[in-house]
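Asks: Handing you a structure now.
No lab work stands behind these numbers, since they all come straight from the coordinates. Owing to the predicted nature of the structure, the values given are computational and were not obtained by experimental measurement. Note that each Cβ is placed from the backbone with ideal geometry, even for glycine, and that neighbours are counted across all protein chains shown.
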Amino acid sequence: MTWDGTAIDWSALRRRALEAAAGAYAPYSGLKVGAAGIDDQGRLVTGCNVENASYGLTLCAECGLVSALRAGGGTRLMAVSVCAGDGAPLTPCGRCRQLLHELGGPELVIDDGPDRPPLTVADLLPMAFSPEDLQRSQR
Ligand code: THU
C-alpha cells in the first residue's frame, strides 16, 4: 500500500490524538500530549505522555504510540499526528523523531497542523541514523 499523505483524513487523526491526550499523565509539566498514527494496514494506534517524579524518566506520547503499534501486531507507520491537550498541533521532540524514523522511515508523513501541508520525517530529521548505518559499522 502506498500513501502520499493526501488520502489521510488529518482532521480525524488529529481528533484521535486529542482524545489520546486526555489520558496523559503530566502532573509536572502540565502539558498533556496525545499521538495518533495510521499503520500500513490502515489501523489506528495512539499514545500519550506519561511523566514520572524522577523527571528524566518521562515517556513521550510517541513512545506509547510506537509501543502500541508493535503490541498490536503492526510494523510500519504511515502517518502521525501529535497534539497537545488543548488541540494545538505539536512537533515531535528530537528523540521521538528518531523513534518515528525507526517505525516509519524517512517518508512517514507528520501532521503540521490544519493550516500547513504535512511534513515528512526526512524534513524533521535529515540524515537520520538508521539500521543501514549499523550494518555499515559491522563491515
Ligand atoms: N512530550 C511528548 O509527549 N512528545 C514530544 O514530542 C515532546 C514532549 C511531552 C513530554 C513531557 O511530558 C511534556 O511533553 C513536556 O515536555
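Asks: How far, in nm, would the chain grow between Ala12 and Ser29 when pulled straight, counting 0.36 nm per residue and subtracting the alpha carbon separation? Mind showing how you got there, number by number?
Replies: Numbers: separation 17, 0.36 × 17 = 6.12 nm, distance 2.67 nm.
Gain in length upon complete extension: 3.5 nm.
Asks: Note down the net charge around Thr58, summing +1 for each Lys or Arg and -1 for each Asp or Glu among other residues with Cβ under 11 Å from its Cβ.
Replies: Numbers: positive: Arg95; negative: Glu51.
Surrounding charge for Thr58 is 0.
Asks: Count the net charge of all other residues whose Cβ sits under 10 Å from the Cβ of Thr75, scoring Lys and Arg as +1 and Asp and Glu as -1. It would help to have the intermediate numbers written out before the result.
Replies: On the way: positive: Arg70, Arg76; negative: Asp39, Asp40.
Its environment carries a net charge of 0.
Asks: Who wins for biggest fluctuation among Ser54, Ser81, Ser67 in a Gaussian network model of the chain, springs between alpha carbons below 10 Å?
Replies: Ser54
Asks: Shape verdict for the chain, please, from the Cα gyration tensor: rounded (a/c under 1.5), prolate (a/b greater than b/c) or oblate. Could you put the intermediate results ahead of the total?
Replies: On the way: a/c = 1.66, a/b = 1.18, b/c = 1.41.
Oblate shape, in that a/c is at least 1.5 and b/c is the bigger or equal ratio.
Asks: Follow-up question, since we're still on this one. With springs connecting C-alpha atoms under 10 Å apart, model the chain as a Gaussian network and identify which of Ala36, Ala17, Ala26 has the largest mean-square fluctuation.
Replies: Evaluated over the chain, the most mobile residue of the options is Ala26.
Asks: What's the local net charge at Ala26, with K and R +1, D and E -1, over the other residues with C-beta under 11 Å away? Before the final figure, lay out the partial values.
Replies: Numbers: positive: Lys32; negative: Glu51.
Result for the local shell: 0.
Asks: Also: Under the rule a/c < 1.5 gives rounded, and otherwise a/b versus b/c splits prolate from oblate, where does the stretch 7-84 land using the Cα gyration tensor? Walk me through the intermediate numbers first.
Replies: Numbers: a/c = 3.08, a/b = 1.61, b/c = 1.92.
It comes out oblate by the Cα gyration axes.
Asks: With only Lys, Arg, Asp and Glu charged, each at its Cβ (+1 for the first two, -1 for the last two), find how big the charge dipole of the chain is about the Cα centre; round to the nearest 20 debye.
Replies: On the way: 12 positive and 16 negative charges, 63 e Å.
Dipole of the chain, to the nearest 20 debye: 300 debye.
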